[in-house]
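Single-structure report; data block below.
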Amino acid sequence: MKREKQIPFRIGEATPRCDARTKVTGQERYAADYYGDHFFWAGVKRAGIPHGKLIKVHTEDAKKLKGVVAVLTSEDVPGSNRVGIIRGDQPVLADKKICYAGDPLALVIAENKETLQAALALITFDHEPLPGVFDVEEALRKDAPLVHEDSPGGNLLRLVSVETGKGASAFDECDVIVEGVFETPFQEHAYLETEAGWAYLDDSGQLVVVTTTQTPFRDRNEMAPALGIDVEKIRVIVPYLGGAFGGKDGITIQCLLGLSALHTGGVPVKMWWGREESFLASVKRLSARMRYRLGVKRDGTFHALECRAYFDTGAYAGLGETVMTLGLEHAGSAYRIPNVSIKGSCVYTNNAVGGPFRGFGVTQVTAAMERIVDMAAQKLSVDPLAIRRVNAVERGDKNCIGVTLTHSTGIKKCLAALSDHPLWREREGWKMKAGQFKKRGVGIACMAHAMGYPAVVPDFANAKIEFTGEGRFRIYAGIVDMGQGNASTYAHIAGALLGQEASAFELIQPDTERTLPSGSSSASRTTYVYGNALVIAVEDLKKKILDKALRLFSTAQAEELMLVPGGIRHRKDKKKVSLKEVAGLFDESERFYTAYFRSPAATEMLDRIYLGPHIIFSYGAHLAYVEIDTLTGCIEVTGYLAVTDAGNVINPQAYEQQIQGGIAQGIGFALSEDYKAANGHADTNSLATYIIPTAMDVPDMLSVAADNAEETGPFGMKGIGEISISGPVPAIANAVADACGIRIGRNPITVENIFRALWEQNDQERPR
Amino acid sequence: MKISFVLNGKKRTADVQPDMRVVDLLREHLHLTGTKEGCGSGECGACTILVDGESRLSCLMLAAQLEGKRITTIEGLSKGKRLHPVQEAFVESGAVQCGFCTPGMVMTAVDMLSRNPDPSRDEIREGISGNLCRCTGYQKIVDAIEAAAKDKSR
Amino acid sequence: MAREVLLPHTIDGLWEIIRSEPGARLYAGGTDLLVKLRPQAHLPSSSPGTLVCLDRIEELKGIHEEDGLVCIRACTTHSEIMRDPVIRRHFPVLTKALRLLGSPQVRNMGTIGGNICTASPAGDTLTPLYALGASVETRSCDSGRLMPLKSFILGPGKAALQEGEILYGIWITKDLDFNIHHFEKVGQRKALAIAIASMAALIKLSDEGVIEKIRLAWGSVAPTVLSSQTIEDALTGKPLTEDALRDVMPLVMDAVSPINDVRASAGYRRRVTANLLLRLLQYRNAGFEGLRIQEKIRSTNF
């Protein structure tokens, strides 16, 4: 789809991204792409043991090495040496304890990479080993070793409970009850760009950090007390990220960079985590063990739900308790269930650190709920699509935690579109064509995903747009673009309102000195919240442009003028002036337009769940075609359909990008991403052993957008970033059950898992 | 050690340690940061360049091996403002999200299309199977390469 | 602490280096050695020492036919072998296996000699080469040896290269008179995967569907590639039917000695290896169907 001439942005039209050109030529510079004439390298020595009392770190030999600039330990951290947005329990450099194998013990700054590696190898430490705890339920036992001795709840970080209606006693009123235990493992983000950045102290004593982060403003607030620096003296600059998916939300490398920069006498210092270090140190999707019970009436309506969940947040709290809470809020997926008893324990262990990962905690519970729904359908001898249609929520219903859905609720439309689709209609014919040693099955899953922050956390953005002296527009993107294309969509929105095309816009990526606080790049909020603020700012700017332009036309009415690419034209007499001419009429003080937008939030039931409930949700219904090879257990997803309610579509190309990408990560989580760790040591610690899908492992995916506007969203859209990742695990698991009658409660469903299950099913001899 | 080679059509000489990895030579020594590193162990393909027209992993090549070779990096594909047809197709088809895998992916695609100018979608998937992408799910990359193949044949 | 990296252009140049620096480490594609030698945090920088890249020695590259045999020189890349019409015509089982090795870039760089000398139990070239009954030729500055591949691979990671010797070429007899050339690899995904189990099979099937001749080899399920005269004898003269194959499956399960590792358990490997035999049933109509499959391999552009 080549565009021959200057066409302005139009809402709803597939449009290439503004950043595509610089990325495809290799010109776009990521955090690791800066190499100055004179800079140092920094690196970290990590513990390698999961639990112990730290006695002493020996840095003397490393310090003596020629070319080593500094070797730092916790004693050299000037501030609190603690980060962690909720609990502040994670050290910049470990001081008293080692809580997981990735804990950083010493920071080395050296003149080159070879010296850095040599120095790191010379660092040793004395410790007293402590018994570790690696399973969530074992961690809750009275005699379990404590990960944090000063934690008020011991290894229980937080317990969250929601009861509605009659709670669990409503099971007495059910005709059919199904139950199951479901487990989801840690999942590695495996972004292609590992954590990287560089930092320096400028002449005025300001600490400048260029780095891979989803949270520049929040980072400053964490770095300041941790390092003992005034927050106003920290500047964080964020280029386009090479993927993040939640793994770069919060402090990863920033404090280490900042601390390094304090010791180089003004020389910039760079850090870039190798892949194995990223595997060791970065956060993972919290693993979960979930016990589900679903009670259904004979007519197929869901009547009671019990969910008892344990989420493993690993060594540090991070955002773990909010991950679990969002999960629990979605424990009943997209259905009406009048009686629920939902309880979740977020638990410390000496495993890897749990943190945000696309889907947050929703992917985990949806994996469970959507499988138990299929089990209920089977027990009732009801079609799995039909049972979902009966129970799917509509606007005005209460969701599974009893909060009324006051915003757009399109799950029924999604299911209707799925049921009309040829892929659903032709499924039986397809299944019958399975060849020798192949079994075919089809599975569906619904999902919901809340947009934005929980109710008591203000969810806002500050848009900023500049009308330059050249008559072009500079958008100061407030929210990091980690690959999802929100920056480009900001230009798309502004362009549609201003009648301009791509070359009229310059996008400034987040920089705490130039762009305005707009919250994190997370929670499926990045287009909605900033986009809404931008609409306000652009409308103000547009009005001003037209008012000023009047001086260049002999007419008196602004309504007779229209914005066209590069200029303003009179509707009737076609006279045109350039935007540059109009820009010349602006005083310097008139060039900038800002606007604040705060997303709607719940005002009732704030105590229903930790930090309050959400009120805007996106929805999806997925269909997976799966073929199993009974000789080897290999499972292939041969077809996939995702129907999504994410409101109106601003850019179909960007919309599909998000849906397809989320599905692919979901397929990896469903079939091959088998994070294996024993006693706090991961066996899958590289891309050779942690298996993410290649192009040969993902099918062509069909994406359909349900027609369902969200009135409060810019041009009627709502969150799209996370919704699709929660479909594949249950849809594929349900398809596997359809193919061979085997229900596996954990993922990934590896070749070996399914093979063993098939073989046990056939009652053959067990493996030796 | 002085190493002479042709880089993006121009003769170059680099005076570097012979065991410097080619990915580092390109990025650190020649300031061509278009070639990325995602793993350093040959698993992800982000460091893919063309050596005598053939796609290879620059994280597993040493500088000394460049002697006398013709190297093409992502920076050498476009001519001024004119993008290579594969690059153009990537832009138009939406094959670029975070963009970190993109340079390696494009180089692989250029090699593949030079040998197989009219690939099926399955052949495309096989052809890019050594380039991991975490953002796109590959579909629009396959679309782009398919479009580029058709474009070239016009 | 930089290492010297030498690139001899002739084999005599190589002998010179080996003579003067017996501790030098040789590599061709680098896809194994350079991964092992990469500096990683927490480990001491890999020891210095000379590296020798064999990539420029023309004499070590190429494929030629001689006296009813095909010779593949050791530093021929997997891609070159995969595309070679002689290999495609005579040894499609090798072509099939190479197509599943690593990834396109790894195939462009990696060599058959490197894969053999690395001697991994999961080496993707080894399984088909065992089935083809390949021999290896080694050479040193003043001598040469020829031996069956089976004798060259001593154990996991151990090849029978003596001091001062290199792997020079691989010899395979042409006109092996098989009409079924089969290879299957089981992995955690479809590319960039280390084999969990693999099987190469060469069968001469009569028009009546009887197995006149059969060679089988299994990879990743024993310290070295497994082949078994007993199993081959048990199938010779039998019809290619599910019953006949199921009859020998217990023999296969007994013959293998797989390990547990991060990719799969021993029990799974044992059972899957036997199951892979059943895949041969797709060739029951070898007269027509099997040849069609062969033609597809010969004409695929990759």
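Structure data summary
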{"read-out": "Residue that is within 14 Å of chain B (Cβ to nearest Cβ), in contact (Cβ under 8 Å) with a residue 12 or more places away in the chain and either surrounded by fewer than 24 Cβ atoms within 10 Å (Cβ to Cβ) or closer than 26 Å to A:G566 by Cβ (or both), where the choices are A:A502, A:A537", "value": "A:A502"}
{"read-out": "Filter result for C:V262 (surrounded by 23 or more Cβ atoms within 10 Å (Cβ to Cβ) and either within 13 Å of chain A (Cβ to nearest Cβ) or outside any loop (DSSP other than H, G, I, E, B) (or both))", "value": "no"}
{"read-out": "Hits in the range A:5-32 - residues which are basic (K, R) and without any contact (Cβ under 8 Å) to a residue 60 or more places away in the chain", "value": "A:K5, A:R21"}
{"read-out": "Any chance A:L116 is modelled with pLDDT of 95 or more, within 14 Å of another protein chain (Cβ to nearest Cβ), outside any helix (DSSP H, G or I) and buried (at least 21 other Cβ atoms within 10 Å of the Cβ)", "value": "no"}
{"read-out": "Residue among C:R189, C:R139 that is modelled with pLDDT of 95 or more and among the charged types (D, E, K, R)", "value": "C:R139"}
{"read-out": "Within the range B:43-130, helices (runs of 4 or more DSSP H) holding 1 or more residues that are away from chain C (no Cβ under 14 Å), surrounded by fewer than 23 Cβ atoms within 10 Å (Cβ to Cβ) and in contact (Cβ under 8 Å) with a residue 40 or more places away in the chain", "value": "B:85-93"}
{"read-out": "Odd one out for B:V22, checked against (1) within 14 Å of chain A (Cβ to nearest Cβ); (2) without any contact (Cβ under 8 Å) to a residue 60 or more places away in the chain; (3) closer than 30 Å to A:I691 by Cα; (4) of a type outside the set (G, A, S)", "value": "(1)"}
{"read-out": "Residue list for the range C:228-259, filter: in contact with a Gly (Cβ under 9 Å, 6 or more places away or on another chain) and either assigned to a loop (DSSP other than H, G, I, E, B) or within 14 Å of chain A (Cβ to nearest Cβ) (or both)", "value": "C:L240, C:T241, C:P258"}
{"read-out": "Considering residues of the range A:163-197 that are aliphatic (A, V, I, L, M) and under 25 Å from the mean Cα position of the chain (by Cα) only, the residue surrounded by the most Cβ atoms within 10 Å (Cβ to Cβ)", "value": "A:L192"}
{"read-out": "Leading residue by the ranking (nearest to the other protein chains (Cβ to nearest Cβ)) among those in the range A:477-499 that are touching a residue at least 60 places away in the same chain (Cβ under 8 Å) and under 25 Å from A:L326 (Cβ atoms)", "value": "A:G483"}
{"read-out": "Filter result for A:E581 (under 39 Å from the mean Cα position of the chain (by Cα) and not in a loop (DSSP other than H, G, I, E, B))", "value": "no"}
{"read-out": "Filter pass, A:I650 being in contact with a Pro (Cβ under 8 Å, 6 or more places away or on another chain), buried (at least 24 other Cβ atoms within 10 Å of the Cβ) and assigned to a helix (DSSP H, G or I)", "value": "no"}
{"read-out": "Options A:I744, A:I663, A:I720, A:I692; residue that is aliphatic (A, V, I, L, M), assigned to a helix (DSSP H, G or I) and out of contact with any Lys or Arg (no Cβ under 6 Å at 6 or more places or on another chain)", "value": "A:I663"}
{"read-out": "The lone exception for C:G49 - which of (1) surrounded by 23 or more Cβ atoms within 10 Å (Cβ to Cβ); (2) touching a strand residue (DSSP E or B) at 6+ places or on another chain (Cβ under 9 Å); (3) small (G, A, S) it fails", "value": "(1)"}
{"read-out": "Total residues in the range A:380-396, condition in a loop (DSSP other than H, G, I, E, B) and surrounded by fewer than 21 Cβ atoms within 10 Å (Cβ to Cβ)", "value": "6"}
{"read-out": "Candidates A:N351, A:N391 - the one that is touching a Lys or Arg at 6+ places or on another chain (Cβ under 9 Å), more than 30 Å from A:S278 (Cβ to Cβ) and not aromatic (F, W, Y)", "value": "A:N391"}
{"read-out": "Criterion violated by C:S206 - all others in (1) among the hydroxyl-bearing types (S, T, Y); (2) touching a helix residue (DSSP H, G or I) at 6+ places or on another chain (Cβ under 7 Å); (3) modelled with pLDDT under 95 satisfied", "value": "(2)"}
{"read-out": "Count - residues of the range A:630-688 that are touching a helix residue (DSSP H, G or I) at 6+ places or on another chain (Cβ under 7 Å), of a type in the set (S, T, Y) and within 13 Å of chain B (Cβ to nearest Cβ)", "value": "2"}
{"read-out": "Identity of the residue in the range A:432-453, out of contact with any Asp or Glu (no Cβ under 8 Å at 6 or more places or on another chain) and surrounded by fewer than 23 Cβ atoms within 10 Å (Cβ to Cβ), that ends up nearest to the other protein chains (Cβ to nearest Cβ)", "value": "A:Q436"}
{"read-out": "Filtered residue count, the range A:119-146, keeping only those that are more than 14 Å from every other protein chain (Cβ to nearest Cβ), over 33 Å from the mean Cα position of the chain (by Cα), surrounded by 15 or more Cβ atoms within 10 Å (Cβ to Cβ) and part of a loop (DSSP other than H, G, I, E, B)", "value": "1"}
{"read-out": "Criterion violated by A:G721 - all others in (1) more than 10 Å from chain C (Cβ to nearest Cβ); (2) in contact with a strand residue (DSSP E or B) (Cβ under 8 Å, 6 or more places away or on another chain); (3) buried (at least 23 other Cβ atoms within 10 Å of the Cβ) satisfied", "value": "(2)"}
{"read-out": "Residue tally, condition of a type in the set (A, V, I, L, M), under 26 Å from A:L326 (Cβ atoms) and outside any loop (DSSP other than H, G, I, E, B), over the range A:397-423", "value": "3"}
{"read-out": "Conditions (1) part of a loop (DSSP other than H, G, I, E, B); (2) surrounded by fewer than 22 Cβ atoms within 10 Å (Cβ to Cβ); (3) of a type in the set (S, T, N, Q); number of the one not met by A:T22", "value": "(1)"}
{"read-out": "Subset of the range A:147-177 (residues that are assigned to a helix (DSSP H, G or I) and not aliphatic (A, V, I, L, M))", "value": "A:G167, A:S169, A:F171, A:D172, A:E173"}
{"read-out": "Matching option when the condition is out of contact with any Leu (no Cβ under 7 Å at 6 or more places or on another chain), assigned to a loop (DSSP other than H, G, I, E, B) and in the same structural domain as A:A677 (by TED's automatic domain parsing), among A:A352, A:A377, A:A367, A:A317", "value": "A:A352"}
{"read-out": "Within the range B:131-154, considering residues that are under 16 Å from the mean Cα position of the chain (by Cα) and touching a residue at least 40 places away in the same chain (Cβ under 8 Å), the one farthest from the other protein chains (Cβ to nearest Cβ)", "value": "B:A148"}
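Residues checked against (1) at pLDDT 95 or above; (2) within 16 Å of A:H622 (Cα to Cα); (3) of a type outside the set (V, I, T):
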{"position": "A:T694", "(1), (2), (3)": "yes, no, no"}
{"position": "A:G719", "(1), (2), (3)": "yes, no, yes"}
{"position": "A:A733", "(1), (2), (3)": "yes, yes, yes"}
{"position": "A:P767", "(1), (2), (3)": "no, no, yes"}
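The values are calculated or read from the model by the stated rules, or taken from the named source; none is laboratory data. Please read these numbers as outputs of a predicted model, since none were measured by experiment. Backbone-built Cβ (ideal geometry, glycine too); neighbour counts: all protein chains shown.
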